[in-house]
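The values are calculated or read from the model by the stated rules, or taken from the named source; none is laboratory data. Note that the structure is predicted; figures quoted are calculated from it, not measured. Please note: Cβ atoms are built from the backbone with ideal geometry, for glycine as well, and neighbour counts cover all protein chains shown. Keep in mind that these areas ignore ligands, DNA and RNA; they rest on the heavy atoms of the full protein, side chains included. Shrake-Rupley method; radii C 1.70, N 1.55, O 1.52, S 1.80 Å.
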Amino acid sequence: EDRTYLITTIKMRSGFEQKDKMSELMSELENSRMKIIFEYLSSNTSINIATAIDLLKVLIKTASRLLSKAEKIGILISEGKTKEKVYSLK
């Protein structure tokens, strides 16, 4: 009758674990750039380096390094080779 607490279960949405891992292993600048990539991937199935360059307004090396790092830490997966390589959410 005099209950003073509530027990509930909150389910994590898909992709939450990836963003948490991202914030631990990437700098603030990389995190802000990855948020732009995630926004793009929310309405597209994949992204290539050329698109990332346009979205982020960075050099090819910067875009390539960011996408590769995201792949290494398990946020993105890639398909294809060199110029035809595309990245998508894991």
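The gain in end-to-end length when the GLU84 to ASN44 segment is fully stretched comes to 12.8 nm, 0.36 nm per residue minus the alpha carbon separation. Dipole check for the stretch 30-90: with +1 at the C-beta of Lys and Arg, -1 at the C-beta of Asp and Glu, and the Cα centre as origin, the magnitude is about 240 Debye. A Förster radius of 35 Å, combined with the Cβ-Cβ distance separating ARG65 from THR9, puts the computed FRET efficiency at roughly 0.35. Run the numbers on the stretch 28-85 and let me know its relative contact order in percent, using alpha-carbon pairs under 8 Å that are six or more apart. Across the stretch 28-85, relative contact order equals 27 percent. The 3J(HN,Hα) values that the Karplus relation (6.51, -1.76, 1.60; θ = phi - 60°) gives for the stretch 39-53 are, in residue order, 4, 4, 6, 6, 10, 10, 7, 8, 9, 10, 5, 4, 5, 4, 4 Hz. Gly and Pro appear as x.
Largest first, what is the accessible-area ranking of SER42, SER68, SER27 with a 1.4 Å probe?
From most exposed to least exposed: SER42, SER27, SER68.
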